[in-house]
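The next block holds one structure in the form of structure tokens; read it before the comments.
Where a number appears in this text, it was derived from the coordinates with a stated rule and is not lab data. The structure displayed is predicted, hence computed values, not measured ones. In this analysis, Cβ positions are derived from the backbone assuming ideal geometry, glycine residues included, and neighbour counts consider all displayed protein chains.
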Amino acid sequence: MTDRADHPFLVRARGEVDLDTAPRTSRELTRALTTHREVVLDLSAVTFMDCAGLRVLLAAGDLAERTGARLELRGAGRPVTRLLELAGLDPAGLERPGGVRPRTVSSRTVRSRAVRSGR
């Protein structure tokens, strides 16, 4: 069993979070979430985020939930909030502990819509 720190740990993302940089961001978040009870991800210096970055955010949220850690995302600018909106996620959830949540539809609804549209 690892001894987890009780103070918040800050991870800062800067520049572009994309296919090239997402693996490093993911490693840093994974390390932080497995060694600290509370992690704050500062997104204020992110200038671009693609679906690889979105995947990192969602995976980190899942890991936090599984390990009992708290992940708080702060400072998301337009590049991040726009991506979340396009993905059907609530950008307002960024500032709340517990993270990003779907707007109003359940994942079951999203899957059934995708199947009907041929995706």
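Of note:
- Sequence-distant residues sharing a close amide H with residue 40 (under 5 Å, placed H): 9, 10, 11, 72
- Residue-wise HN-Hα couplings along the stretch 33-46, as the Karplus relation 6.51 cos²θ - 1.76 cosθ + 1.60 with θ = phi - 60° gives them from phi, are 6, 8, 10, 10, 6, 9, 10, 10, 9, 8, 9, 5, 9, 7 Hz; Gly and Pro carry x.
- Using the Cβ of residue 52 as centre and a radius below 12 Å, the other residues enclosed give a net charge of -2, where K and R count +1 and D and E count -1.
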